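Enquirer: I'd like to ask you about the structure that follows.
The values are calculated or read from the model by the stated rules, or taken from the named source; none is laboratory data. The structure presented is a predicted model; accordingly, all values stated were derived computationally and were not measured. Please note: Cβ atoms are built from the backbone with ideal geometry, for glycine as well, and neighbour counts cover all protein chains shown. Just the protein is used for accessible areas: all its heavy atoms, side chains included, with ligands, DNA and RNA removed. Shrake-Rupley method; radii C 1.70, N 1.55, O 1.52, S 1.80 Å.
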Amino acid sequence: MAESPYRPHLAALERVVALGGGHGLGRMLSALNFLGPRLTGIVTTTDNGGSTGRLRRSHHCIAWGDVRNCINQLVTQPSTGSRLFEYRFGAEGELGGHNLGNLILLALDDLCVRPLETINLVRQVLRVKCELLPMTESPADLLALCDEGLEHLGEQRVDSLERMPRQLTLSPKVAATKEAVDAVREADLLILGPGSFLTSVMPPLLLPELAGAFRASKAVKVWVENLGVEQSPVRTLTPGQRLAWLHRQLGFSAVDWVLARPGLDWQQLPAGVRRLEMPLASEQIFYRHDRDALANGLERILAAC
């Protein structure tokens, strides 16, 4: 495997922390995997769909799917273990549709004291150097409060809304993982996205301890914009309006920079937020970010700070 290009500003950082869900966060972490143990991912644990949702309903556990997805994208030395971790059972029977990695994480969770201990065991087996932390170690769901007074519980229902909710919260109220709070507090660079705005990026920031650490942090804070249009109520907002909504929800300015592809509408972008626009799409899969482009974009932002 070819060596990663030298990026002096990223290489100089002691701790880089990215927050989000499985697909987008995994892509970002794999782009920065050359940082090794100086890289931390804080993973959303509120998914209630698919194999993950079925396990949550039957075992009252945190959502393991996004953790599994991040681990899969961070494996640099494929092995029988990593292939098993990605295996999905066929559609028929009780195991139909379940991902074996989710089942392994659930089984280890039953044997371990903490979900974090489970994640660390799998990281050791699969030789993943990046630190992965669940946003919380207690089961919780995303709850949307709408203008008409209705409440919508669960990520799947939130994504199906026609309009943006008035407020997002977690139900029940749970504590953030202490190690995640410490990671945010100690970070030199904090990254939000890419990923589903309401259901991947927002949930960690709904934990008061994490939001407080994020607000107090002196790190450079970067939002990474998605490449396509989300099939959720977010589609009704421009990128600038979305960041303004984020800041209103949190009650503070959470973003210093936006990394995005060219040609987006930046109306109502919050004051003080700077932009770097550059091609970010992968040549192989147009709706996924190119890993080198992500790392190079962050390097350019740090150089401009």
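Enquirer: Can you find a residue in the range 216-227 that is touching a strand residue (DSSP E or B) at 6+ places or on another chain (Cβ under 8 Å), in a helix (DSSP H, G or I), buried (at least 18 other Cβ atoms within 10 Å of the Cβ) and not hydroxyl-bearing (Ser, Thr, Tyr)?
Expert: So far as the range 216-227 goes, no, none of its residues is touching a strand residue (DSSP E or B) at 6+ places or on another chain (Cβ under 8 Å), in a helix (DSSP H, G or I), buried (at least 18 other Cβ atoms within 10 Å of the Cβ) and not hydroxyl-bearing (Ser, Thr, Tyr).
Enquirer: Within the range 251-265, how many residues are within 16 Å of residue 222 (Cβ to Cβ) and either assigned to a strand (DSSP E or B) or open to solvent by 30 Å² or more (accessible area, probe 1.4 Å) (or both)?
Expert: 8
Enquirer: Condition check: surrounded by fewer than 24 Cβ atoms within 10 Å (Cβ to Cβ), part of a helix (DSSP H, G or I) and either without any contact (Cβ under 8 Å) to a residue 24 or more places away in the chain or not polar (S, T, N, Q) (or both). Does residue 84 satisfy that?
Expert: So residue 84 fits the description; yes.
Enquirer: Residue by residue through the range 87-103, note down the ones that are assigned to a loop (DSSP other than H, G, I, E, B) and either open to solvent by less than 30 Å² (accessible area, probe 1.4 Å) or farther than 19 Å from residue 121 by Cβ (or both).
Expert: Scanning the range 87-103 gives 89, 90, 91, 92, 93, 94, 95, 96, 97, 98.
Enquirer: A further question on this structure: Can you tell me which of 210, 170, 153 is in contact (Cβ under 8 Å) with a residue 60 or more places away in the chain, touching a Leu at 6+ places or on another chain (Cβ under 6 Å) and among the hydrophobic types (A, V, I, L, M, F, W, C)? Before the answer, list the steps.
Expert: Working: 210 fails: touching a Leu at 6+ places or on another chain (Cβ under 6 Å); 153 fails: in contact (Cβ under 8 Å) with a residue 60 or more places away in the chain.
It is 170.
Enquirer: So, in the range 266-304, how many residues would count as being assigned to a loop (DSSP other than H, G, I, E, B) and open to solvent by less than 60 Å² (accessible area, probe 1.4 Å)?
Expert: Total satisfying the criteria: 9.
Enquirer: In the range 129-186, what count of residues is obtained for those that are among the small types (Gly, Ala, Ser) and touching a Cys at 6+ places or on another chain (Cβ under 9 Å)?
Expert: Of the residues in that region, 0 qualify.
Enquirer: For residue 128, are the conditions met, namely being touching a residue at least 40 places away in the same chain (Cβ under 8 Å) and β-branched (Val, Ile, Thr)?
Expert: Here the answer is yes, as residue 128 does meet what is asked.
Enquirer: Only one of (1) over 18 Å from the mean Cα position of the chain (by Cα); (2) within 29 Å of residue 182 (Cβ to Cβ) fails for residue 83. Which number is that?
Expert: Condition (2) is where residue 83 drops out.
Enquirer: Here is a further query. Right, residue 69: part of a loop (DSSP other than H, G, I, E, B), within 27 Å of residue 206 (Cβ to Cβ) and in contact with a Gly (Cβ under 7 Å, 6 or more places away or on another chain) or not?
Expert: Considered against the rule, which asks whether it is part of a loop (DSSP other than H, G, I, E, B), within 27 Å of residue 206 (Cβ to Cβ) and in contact with a Gly (Cβ under 7 Å, 6 or more places away or on another chain), residue 69 comes out as no.
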